[in-house]
Amino acid sequence: MITSTSRHRTSALIFSFFFLLSISAFAQLPQYEVSGKVTDEQGTPLEYATISFQSTSEPSNVTGGITDAQGNFNIDVRQGTYNITVEFISFEPKTFKNRQVNKDLSMGTVKLGMAAGELEEVVVTAETTQVEVRLDKKIYNIGKDLTTAGGTVADALNNVPSVSVDIEGGISLRGNENVRILINGKPSAMAGFGNTDVLSQLPADAIERVEVITSPSARYDAEGTAGILNIILKKEKTLGFNGSVSARAGDPDQLGLSANLNLRKDKFNIFNTTGFRYFDAPGNAFSDTRYLEYTDEDGNLVNPASERLVEDRRMDRLNRNFYTSLGMEYYITDMSSITATGFYRYGEDEDITTNRSTEYFEEGILNTVRRENQVEDDNSYQFALNYINKFDDSGHELTADIQYERDMETQTGNINESIISNTSELDPFYPLEQTFTEETQNEFLIQADYVRPIGENAQFEAGYRGSFEEEETDYQLLLENRNSGILEVSPLTNVFTYTENVNSLYSQYGNKFGDFSFLLGLRLENTQLKGKINSELTEEELREEFSIPIDTDFDNNYLGLFPTLNLIYELGDRENITLGYNRRINRPRGWFINPFPSRASRTNIFQGNPNLEPAYSDAFDLGYLKRWDKLTLTSSVYYQYETDSFERVEQISTAADSTQVIRTIPINLATTTRIGAEAGLLYNPTRWLRLNGSVNFFQFDTDGDYNGVDYSAKNTSWYGRFSSKVSLPAKIDWQTNAFYRGASEGAQTETNGLFMVDMALSKELFNEKASLTLNIQDLLNSRKRDSFTVTERFERESEFQWRQRSITLSFTYRFNQQRRDQERQGRDQGNMNGNMDDEGAGEF
């Protein structure tokens with residue numbers, strides 16, 4: 001099959017051939033530049049449109065060229081009279097006859113209309129994930145990924161090279177969990193205010209593309225030492241009413257219905273995504289802990305109160321959520337527009353955790369069952385205004401954004417632990433517990449960006465961004481009194497208020513000299529982190545309770561400079577080398593700071609550390625890209641040095657009832673050095689077979705100690721993924737994705753490797769207006785984390801499975817989508833041209 005991109009590349013080669021033949025005939029004539037821009041009727045640039053010049057005196061003499069990603073063209077033509085033709089596949093060509101070229105000529109904007117005979121026939125769809133490389137990012141167009149049909153945004157991200165999603169839904173980039181998640185270039189309630197749980201609820205088919213930004217330019221917030229994942233959502237730009245409706249059902253119990261709708265008129269564009277999802281997500285965990293003899297502070301050998309604890313946990317999670325996003329873009333003039341969007345999400349979760357434990361003592365065995373029933377309601381909404389004013393067609397523009405977000409979450413928990421059998425000498429009492437948690441988060445964002453091209457190849461950019469966030473957690477704990485049986489308020493009841501204000505200024509300059517381009521930037525950020533704990537306990541009592549010093553009212557202020565440099569050198573039309581440097585920050589926030597612990601387990605708890613300070617990193621990235629006709633290779637090596645990096649450590653303490661409690665606490669653990677290399681291949685040998693794979697090898701070297709314990713460790717690991725898509729007869733597609741993550745080793749914990757397989761079958765229906773997809777995630781039910789932890793006082797083997805294998809059947813119906821956004825036509829066929837700019841971003 002000859003794609004539109006290959007046709008236009010072939011056309012370009014033909015024009016080049018005739019151009020060489022005609023050089024000798026025109027060598028004696030002066031040469032002038034003919035420039036312009038090609039768009040569709042809605043103003044969308046058409047990349048790879050062809051412009052041909054046919055001499056009226058010698059019709060055999062033809063020359064020409066093609067447009068770039070923004071639809072612009074600059075073609076050198078010898079003096080003469082020409083018939084100039086502008087063409088793009090599926091559009092009506094335009095011909096300008098007998099045009100005199102005796103000086104530099106600007107043709108302005110040439111608008112092409114759809115060919116009448118093809119308005120209901122053209123379907124442009126990305127059949128597989130494709131990649132294009134920019135100075136500071138890689139852009140992955142998700143394409144028609146069957147294994148995420150009926151799935152979520154988190155499922156789709158797990159198929160993007162360099163990105164991995166662990167069994168708990170945590171997202172990491174090149175093995176580093178400190179990754180910044182953006183939606184359409186900004187932090188968003190759709191990304192869960194920094195919590196990735198929401199990404200497990202939004203539909204994957206809402207994604208247009210994912211930008212993997214491992215060397216962010218100065219335009220971006222400096223947060224995220226691993227880099228940035230920018231998720232771009234779909235928004236149709238063609239005239240008329242169009243969209244899609246999807247329904248899905250599966251096992252474990254799940255039902256879902258979603259719609260993506262778009263109405264485009266001459267002066268405005270209205271777009272909406274709405275969905276409802278009901279699903280059960282059962283999981284399980286197992287741990288076997290052996291307590292060891294240890295030496296106390298006085299040098300005495302101490303035997304632990306218990307010898308061994310075996311826990312078997314079952315999680316039943318029933319989730320119901322509704323979400324809707326509505327936006328309207330109004331075109332004030334041909335050069336300016338204002339966009340208003342609103343997002344709302346309501347979630348209702350009911351989780352039941354059953355933890356069966358067996359504790360071994362020298363004199364007997366104690367068996368208990370702990371049940372926690374937690375009900376959670378979550379309301380999130382967001383309002384945003386965006387204004388853009390283009391001063392001309394060269395990219396000279398001003399954009400301004402205002403955004404407000406609010407998230408309200410309430411949790412009610414009932415914890416009851418009962419003794420099943422007891423042959424030990426202990427007479428423990430496990431009080432009935434009730435918890436009430438109310439979290440409120442408000443965030444206000446204001447941003448302005450100015451972009452000014454300088455000549456043909458240079459560009460200057462500057463901007464301001466202010467982010468103001470306040471989060472309040474009101475936590476109440478009631479414990480049963482052993483004597484009276486009455487529930488009483490625990491001293492651990494508290495109100496924790498956290499504020500993060502970030503003001504930043506940036507500027508950057510880029511230029512292109514022949515095959516060499518660079519982008520140099522500097523960002524100045526002032527960060528204010530404030531926290532206040534209202535509790536009945538004093539700071540000394542809190543320190544004794546949590547085993548760390550607690551400042552109940554802190555106000556930290558940080559001022560930092562964050563330089564960035566990105567270089568690209570074009571070795572040829574299909575080959576380039578990139579080099580990037582950036583400085584980043586990891587700010588402590590949320591549950592990493594709140595010291596009041598989780599209570600899902602009596603013996604294994606997590607608590608935050610309000611003493612955490614920001615971590616800073618310097619990173620270098622060297623990349624290489626090579627494209628052949630059917631094969632694309634992307635590769636890079638990277639290095640990162642991080643100071644005051646966060647690390648989770650586990651410590652053991654003895655409770656008042658002699659229970660051994662293991663606490664997991666995040667700390668600033670000195671320095672971490674990361675080195676790695678990754679490579680990816682996209683191979684489409686035939687029209688019925690598409691293959692892609694990637695591998696990432698990395699090593700973390702941590703150097704630091706805490707409370708006299710050396711936590712230095714070197715962790716070498718890797719992960720790889722492979723995907724194949726086969727087009728079968730009768731319009732049936734079969735896709736298989738495989739993922740393997742190698743074993744890893746931290747300061748205290750070794751984790752075994754993990755292998756998982758996803759598989760899907762899809763059938764096109766109703767003249768390709770609809771599709772039916774059967775998707776099996778975690779086919780082998782092997783997505784489990786097996787680990788072994790060793791400290792001076794205990795050893796633990798554990799297995800954890802966040803979500804079991806799932807089977808989903810989904811049906812999608814598309815209407816009035818025959819005319820796709822032509823701007824994506826060249827890009828979705830795998831064009832990686834290394835262009836210096838990006839739509840709506842103003843970046844090089």
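First measure r as the distance between the Cβ atoms of residue 307 and residue 799, then evaluate 1/(1 + (r/R0)^6) with R0 = 30 Å and state the FRET efficiency to the nearest 0.05.
It comes out at approximately 0.90.
Please give the net charge around residue 532, taking every other residue with its beta carbon less than 10 angstrom from that of residue 532, where Lys and Arg add +1 and Asp and Glu add -1.
-3
Taking a 22 Å limit on the Cα-Cα distance, which of the listed pairs 111/267; 103/512; 530/714 fall beyond it?
Distance filter (> 22 Å) returns 103/512; 530/714.
What trypsin sites (Lys or Arg not before Pro) does segment 220-322 have in DSSP loop regions with at most 14 other beta carbons within 10 Å?
Answer by residue number: 265, 267.
Take every Cα pair under 8 Å in segment 727-796 that's 6+ residues apart, average their separations, divide by the length, and report that relative contact order as a whole percent.
29 percent
Quote the FRET efficiency, to the nearest 0.05, computed for residue 637 versus residue 755 with a Förster distance R0 of 25 Å and r equal to the Cβ-Cβ distance.
0.45
Segment 242-827: Rg/Rh from Cα coordinates, Kirkwood Rh?
Over the Cα atoms of segment 242-827, Rg/Rh equals 0.98.
So how much slack lies between residue 807 and residue 334, counting 0.36 nm per residue of separation and subtracting their Cα-Cα distance, in nm?
165.5 nm
Among the GluC sites (Glu not before Pro) in segment 362-424, which ones are in a DSSP loop with at most 12 other Cβ atoms within 10 Å of the Cβ? Mind listing them?
Those that pass, being in a loop and sparsely packed, are 362, 363.
Quick one: what are the phi-derived ³J(HN,Hα) couplings along segment 377-388, Karplus 6.51/-1.76/1.60 with θ = phi - 60°, whole Hz, x for glycine and proline?
For segment 377-388, the Karplus-derived couplings read 10, 9, 10, 10, 8, 8, 10, 9, 10, 10, 10, 10 Hz, x marking Gly and Pro.
When only Cα pairs under 8 Å and 6 or more residues apart are kept, what is the percent relative contact order across segment 502-544?
Reported as a whole number, the value is 36 percent.
Assuming 0.36 nm per residue, please report the length gained on full extension of the stretch residue 363 to residue 536 beyond their Cα-Cα distance.
The span from residue 363 to residue 536 would gain 58.4 nm if fully extended.
Residue 792 versus residue 208, label points 7 Å from Cα toward the beta carbon: distance in nm?
5.6 nm
All of the numbers you see were taken from the coordinates with simple rules; none came from a lab. It should be emphasised that the depicted structure is a prediction, and the values quoted were computed from it without experimental measurement. Virtual Cβ from ideal backbone geometry, glycine too; neighbours counted across all protein chains shown.
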